[in-house]
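Report on one structure; see the data block that follows.
The values are calculated or read from the model by the stated rules, or taken from the named source; none is laboratory data. Only a predicted model underlies this, so the values are computations on that prediction, with no experimental measurement involved. Cβ atoms come from the backbone with ideal geometry, glycine included; neighbour counts cover every protein chain shown. Accessible surface areas use protein heavy atoms only, side chains included; no ligands, DNA or RNA. Shrake-Rupley method; radii C 1.70, N 1.55, O 1.52, S 1.80 Å.
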Amino acid sequence: MNLAQLLDQLKADERFLRHVTRWEVIPPQPARTAPFPASLDPRLGEALRRRGVADLYTHQADAVALAAAGRSFVVPTPTASGKTLCYNLPVLDAVLRDPQARALYLFPTKALAQDQMHEVHGLVTELGADIRTFTFDGDTPETARRAIRSSGHIVVTNPDMLHQGILPHHTLWVKLFENLRFVVVDEVHQYRGVFGSHVANVLRRLRRVARFYGADPQFICCSATIANPRELAERLTGLEMAEVADNGAPRGLKHFIFYNPPVVNRELGIRASTIKTTRAIAERFLGTGAQMIVFARSRMRVELLLTYLEKAGRRVGIRSGEVRGYRGGYLPGERRAIEQGLRDGTVKAVVSTNALELGIDIGRLDVCIMAGYAGTVAATWQQAGRAGRRQNVSAVVLVASSSPADQYIVSNPDFFFGRSPEYATLDPDNLIVQMSHLKCAAFELPFVEDEDYGGHRVTEILEYLCENRVLHRAEGRFHWMAETYPAEDVSLRSAAPDNVVIIDDSRPGGLVIGEMDLFSAQEMLHDDAIYIHGAQQYHVDRLDWDRREAHVQPVQVDYYTDAQRKSELKTLTADEAKPCGDGGLAVGEIGLVSKVTVYKKIKLGTHENVGAGRVHLPEMEMHTTGFWWEVPESAAGDLAASGLDLGDALKGLAHLLGCVAPVFVMADSADLHATAMIRSPFTGKATLYLYDSVPGGAGFARRIYEQFDEIRAAARSHLTGCPCGRGCPACVGATVESGDTARAGAARLLALAPGGRDEAGPLVSAAGG
């Protein structure tokens, strides 16, 4: 049986179709091409023709034309659409014309950097030109670094290495910075939230150092399909960007199936195991001989599925070694062999974490199965893009888990298959993040008075750093004066400068396996917590708060821990506000005083509470950005008249918006917190808050303020379609937590139209169960 025949069989299988919420057939699209631009060095055209490329896709030709015109631009086209040539052609053309020209390539992971280095190296070899391409990362030998600094035309690296290994030592990179013509930033949709805010500041420092050496490079950015690629690229680089959105790459016929496993516990909203369901579906596709990739959300799940599929493969004649796993922790040589096996067809199936989601070249496969939603629409399309040869039929199956985000996506397929609704968000002006990078920038080059940094005058912050004896002011300049090396103390993945170091005491001398910001550490690294790192469980023996050390030991237990934080929220200032019916919407600064007091032990699989304990840690204070909705004063009376409780309604609505809002702003559920007050001291009304979980904020709350009408409509639609009776974790939360009337009450609140009219009648009866 081949792939097309299996798809026909599945269409006729009632037991399978019963759990399919959408079967989308995406039609094929022929290639749209354009000749090589006249501005391109003829040697490049000849080299590409020798490699079988007779023409460029239209978006590639547009990119080359923009680069030739001196413009910076972003290319937001799908996976495997040939984005690599959009930056390699302008860069190689520049170096062929001027052998002194230099380019810097930034990729979010070392594996992707290595892969793209081989790609450009292959084209350079075909050219027969003396264009030297090197990767520069933590694994680069010291003996090679001097040659890279002096003679590398193209330096391929990652943001962390640029931040800590290149910019602070720019005097060793004079050749690069003096002649820097292009900066390529790939996978820009990955640079959002706190990480994106940090990377935007690293790029501000990069442009500042380049200007010092007389260079003003063009930026070429590549992105997955999101709603605001141009806005994100401009926020990230600080430059005006053009957008190359006309994708000319071909695609074959693709079947995209949303599969929602059956409910096994209606009260808790638990569905059949994602792993077992994925295994059963993948085994059916194995028998077709189609090349397949299976994505799982953790290393442990990768190894489980790999074990199952190896056994299933042997039953249909697939030999040992033709079904492989791929994840972090494998040796580089082993990963390269798997990638090559996928390209040449000797590997029939691979089970991977999201390590193969990004643009590593593994050819084009026939089937992609995802064991759980990838976290964002953009990432899901990237994973799905791994399947689909240009002429052949391909299939993608998304198997949903019980998590609220998964259930929202499979219950609202139009949200997914319409134009990308996700807005990537970052806040480079987060005061804590910005101050950290101002220290790094001052170490690299002294600031002059009233110097522009990211479009702002930062003299006030520099003077504050002088008062704290970090900088020294002399003759109108601010000089670094501390003995420390600032970049070493700034993590690009945490807003707060202080972190807790996690030490595995089972290793000789204690091995540092990670670090975590203080706020998160109180919830995840308290005494007796179960901390999961790389699918391995660790018991936290002791959290030494004063020394910022968590001492852990590896264990295997059948539960995880969930800490409860009690927070007192205070609204400090409202930056913007607008009416919303009889209530109002606002965004501004909030203060949180919080304390972790207890934790629960939750059994894996059943999610039942099997124990609890107390936590003894000091209070934490944090200022961040929050969005709030002042519920109309008439709401309480309206709910009471219907026999509904305002407190239940607010709790249920906070849970619901906490599930739905992250999907719209490309945030992880941990990036946002939702809470509600029956009477807020600041507004004097019932108020619902959604706030960024990092100090200073990461831009999520502000985006929710701008998109609230859309988010509220989506939440209402999701609540209407949820099959539970009175509430479940996928909508307003379980009734034992949110209350018996939470679902009906939340529906009533959501139905309050902007004009103040109550349109809730039909919805409440439909949702109330």
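Computed quantities for the displayed model
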| read-out | value |
| --- | --- |
| From G248, G252, residue being in contact with a Lys or Arg (Cβ under 9 Å, 6 or more places away or on another chain), surrounded by fewer than 20 Cβ atoms within 10 Å (Cβ to Cβ) and either on the phi > 0 side of the Ramachandran plot or touching a residue at least 40 places away in the same chain (Cβ under 8 Å) (or both) | G252 |
| Enumeration of residues in the range 274-314 that are at pLDDT below 90, among the basic types (K, R) and either assigned to a helix (DSSP H, G or I) or closer than 19 Å to N2 by Cβ (or both) | R299, R301, K311, R314 |
| Failed item in (1) farther than 23 Å from W23 by Cβ; (2) in contact with a His (Cβ under 6 Å, 6 or more places away or on another chain), with I270 passing the rest | (2) |
| Residues of the range 14-73 satisfying the condition of being over 23 Å from V120 (Cβ atoms) and in a helix (DSSP H, G or I) | E14, R15, F16, L17 |
| Total residues in the range 727-751, condition more than 24 Å from P632 (Cα to Cα) and assigned to a loop (DSSP other than H, G, I, E, B) | 4 |
| Neighbours by Cβ (under 8 Å, 6+ apart or cross-chain): first from the range 135-157, modelled with pLDDT under 90; second open to solvent by less than 10 Å² (accessible area, probe 1.4 Å) and of a type outside the set (D, E) | D137/A113; D137/T157; T140/I148 |
| Candidates G289, G321, G325 - the one that is out of contact with any Phe, Trp or Tyr (no Cβ under 6 Å at 6 or more places or on another chain), open to solvent by less than 50 Å² (accessible area, probe 1.4 Å), on the phi > 0 side of the Ramachandran plot and not aliphatic (A, V, I, L, M) | G321 |
| Hey, R208 open to solvent by 10 Å² or more (accessible area, probe 1.4 Å), farther than 30 Å from G375 by Cα and modelled with pLDDT of 95 or more or not | yes |
| Among (1) within 25 Å of I257 (Cβ to Cβ); (2) under 32 Å from the mean Cα position of the chain (by Cα); (3) open to solvent by 50 Å² or more (accessible area, probe 1.4 Å) - the single one K11 does not satisfy | (2) |
| Of all residues in the range 752-769 being farther than 22 Å from V263 by Cα and assigned to a loop (DSSP other than H, G, I, E, B), the one that is modelled with the highest pLDDT | P754 |
| Strands (runs of 3 or more DSSP E) contained entirely in the range 88-205, each with at least 3 residues that are open to solvent by less than 30 Å² (accessible area, probe 1.4 Å) and out of contact with any Gly (no Cβ under 7 Å at 6 or more places or on another chain) | 102-106, 154-157, 180-185 |
| Residue that is most open to solvent (accessible area, probe 1.4 Å), among those in the range 32-68 that are under 13 Å from L85 (Cα atoms), touching a helix residue (DSSP H, G or I) at 6+ places or on another chain (Cβ under 9 Å) and β-branched (V, I, T) | V53 |
| Top-ranked residue of the range 669-711 - restricted to ones that are among the charged types (D, E, K, R) and under 23 Å from the mean Cα position of the chain (by Cα), ranked as farthest from W629 (Cα to Cα) | D671 |
| Residue that is nearest to V184 (Cα to Cα) [pool: residues in the range 73-87 that are hydroxyl-bearing (S, T, Y) and open to solvent by less than 10 Å² (accessible area, probe 1.4 Å)] | Y87 |
| Every residue from the range 342-358 that is closer than 18 Å to P332 by Cβ and more than 15 Å from the chain's Cα centre (by Cα) | L342, R343, V347, V350, S352 |
| Residue match in the range 436-452 (condition: modelled with pLDDT under 95 and at positive phi) | yes |
| Lone qualifier among A111, A103, A147 - being more than 20 Å from L48 (Cα to Cα) and touching a His at 6+ places or on another chain (Cβ under 9 Å) | A103 |
